[in-house]
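Reviewing the structure listed below.
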Amino acid sequence: QKLQSEPVNPNTVLGNICGYFVNRYGFSPQCKAIAWSGDNPCSLIGFAGTKSRAVVISLGTSDTVFVSTDDPKPQLEGHVFPHPTNSKSYMAMLCYKNGSHTRELVKGKSSSWEDVEQYLCNNDHSNSSALDNNIFGFFYLQPEITPNTHEKTGVRVYSWGNNEVNEIDIDRISNAEQFRICVVSRFLSMHGHMQGMGINLIGGQENGNDSRILVTGGGSINKGIQQAIADVFQVDVYTAKVSAGCNNKRDRKTFDSASLGAAKRAHFAVTNCPLPENEFEKAASPRKRYPDTLYNLFSETEKKFVSSLIDESKIK
């Protein structure tokens with residue numbers, strides 16, 4: 001009863017706008033109202049466009065990754081929505097609670113954002129790095145959504161090699177290295193869970209996706225994080241192109257993709273013509289492909305660690 005009638009095509013024009021908005025805010029009485037959507041589906045349209053198959057990663061207070069797909073495989077973790085403009089397609093999405101606040105805490109007060117950005121960017125994998133040292137980890141400072149830790153928290157780092165994984169003492173690792181492990185492990189998790197939903201983000205066009213990843217949100221302005229995304233997913237990373245006269249990081253950080261996407265949806269529903277797509281600029285390219293063993297061991301270890309969190313008797 002609350003939702004009224006049956007669900008409709010996302011491009012359905014429901015009628016003219018309510019008189020309240022005409023009188024209060026000066027809308028035209030002929031202004032059309034279309035079927036509503038959520039902020040994340042609208043962000044897909046606002047950032048990637050009405051027809052794009054690009055993967056979008058948003059790094060903010062929480063982290064999200066979403067992508068258009070024609071053949072999703074819904075799981076207990078993650079979300080599948082009707083596509084906000086294409087009634088024959090879907091939008092797959094993952095949400096992570098431990099986003100920018102967790103990265104801030106892992107970074108610590110002794111390191112600046114410039115320090116960790118330089119650390120990630122200058123590490124070309126020929127020197128010491130979290131992955132070349134065969135280390136990954138889990139930083140659940142808040143109860144995590146993906147994977148669902150059932151209100152449990154915990155931090156663990158592991159070394160891996162020869163198809164074996166062993167827990168190591170996190171106190172032996174510098175703050176900068178912990179930050180790198182935290183960042184890279186987030187994207188390894190995104191890869192694994194998206195693959196579980198039938199979407200292989202690695203390989204771009206060869207797997208039916210756009211050959212790039214679009215990044216947005218406050219964390220996306222960090223060049224080291226951009227590089228970590230490119231290395232894990234093996235595709236180029238792009239950010240929204242800054243308009244003329246807007247040449248500082250703040251402008252990218254405040255890019256309101258949800259509001260723009262809602263406006264694009266309305267225009268597309270009424271005119272059946274998509275607005276011009278956003279302009280993007282390349283931010284990072286892959287430097288080295290990681291072995292398949294890493295992705296497999298990470299996913300297996302993530303499942304075991306979460307199980308140990310839920311069953312407190314297994315926590316050391």
Name the single residue, out of those in region 276-309 being outside any loop (DSSP other than H, G, I, E, B) and open to solvent by 80 Å² or more (accessible area, probe 1.4 Å), that is modelled with the lowest pLDDT. ASP292
In this structure, does ALA258 turn out to be modelled with pLDDT of 90 or more and not charged (D, E, K, R)? no
Write out, first by first residue and then by second, each pair whose Cβ atoms fall under 7 Å of each other, whose residues are 6+ apart or on separate chains, and whose first residue, in region 6-23, is surrounded by 13 or more Cβ atoms within 10 Å (Cβ to Cβ) and modelled with pLDDT of 95 or more while the second is among the polar types (S, T, N, Q) and outside any strand (DSSP E or B). ASN16/GLN30
State all residues of region 257-275 that are in contact with a Leu (Cβ under 6 Å, 6 or more places away or on another chain) and open to solvent by 30 Å² or more (accessible area, probe 1.4 Å); if no residue qualifies, say none. HIS267
Selection within region 76-113 - in a helix (DSSP H, G or I) and over 30 Å from LEU260 (Cβ atoms): LEU105, VAL106, LYS107
Filtered residues of region 265-291 (kept if over 18 Å from ILE229 (Cα atoms) and more than 21 Å from the chain's Cα centre (by Cα)): ARG265, ALA266, HIS267, PHE268, ALA269, VAL270, THR271, ASN272, CYS273, PRO274, LEU275, PRO276
Under 8 Å by Cβ, and 6 or more places apart or on different chains, what pairs join a residue from region 133-152 that is more than 16 Å from MET190 (Cα to Cα) with one that is surrounded by 23 or more Cβ atoms within 10 Å (Cβ to Cβ) and of a type outside the set (A, V, I, L, M)? LEU141/ASN98; GLN142/ASN98
Checking ASP39 against (1) more than 18 Å from GLY78 (Cβ to Cβ); (2) in contact with a helix residue (DSSP H, G or I) (Cβ under 7 Å, 6 or more places away or on another chain); (3) surrounded by fewer than 21 Cβ atoms within 10 Å (Cβ to Cβ), which single condition isn't satisfied? (1)
Among ILE145, ILE199, the single one that is farther than 18 Å from LYS303 by Cβ, surrounded by 16 or more Cβ atoms within 10 Å (Cβ to Cβ) and not polar (S, T, N, Q) is ILE199
Which of the residues spanning region 1-57 are β-branched (Val, Ile, Thr), more than 30 Å from LYS241 (Cα to Cα) and not in a loop (DSSP other than H, G, I, E, B)? VAL13, VAL22
Selection status of PRO82, under 21 Å from ARG186 (Cα atoms) and either modelled with pLDDT under 90 or open to solvent by 10 Å² or more (accessible area, probe 1.4 Å) (or both): no
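Filtering region 63-75 down to residues that are touching a residue at least 40 places away in the same chain (Cβ under 8 Å) and in a loop (DSSP other than H, G, I, E, B), which residue is surrounded by the most Cβ atoms within 10 Å (Cβ to Cβ)? Write out each step before concluding.
Within region 63-75, the subset touching a residue at least 40 places away in the same chain (Cβ under 8 Å) is 63, 65, 67, 69, 71-75.
Filter once more, keeping what is in a loop (DSSP other than H, G, I, E, B): 71-75.
Details: ASP71: 9, PRO72: 19, LYS73: 13, PRO74: 12, GLN75: 16.
Among them, the one singled out is PRO72.
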Please find, within region 148-177, the residue that is nearest to SER58 (Cα to Cα) out of those that are assigned to a helix (DSSP H, G or I) and open to solvent by 30 Å² or more (accessible area, probe 1.4 Å). ASN175
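The values are calculated or read from the model by the stated rules, or taken from the named source; none is laboratory data. None of these values were measured; they are calculated from a predicted model. No Cβ is skipped: glycine too gets one built from the backbone with ideal geometry, and neighbour counts run over all protein chains shown. Protein only, heavy atoms only, side chains kept; ligands, DNA and RNA dropped before computing areas. Shrake-Rupley method; radii C 1.70, N 1.55, O 1.52, S 1.80 Å.
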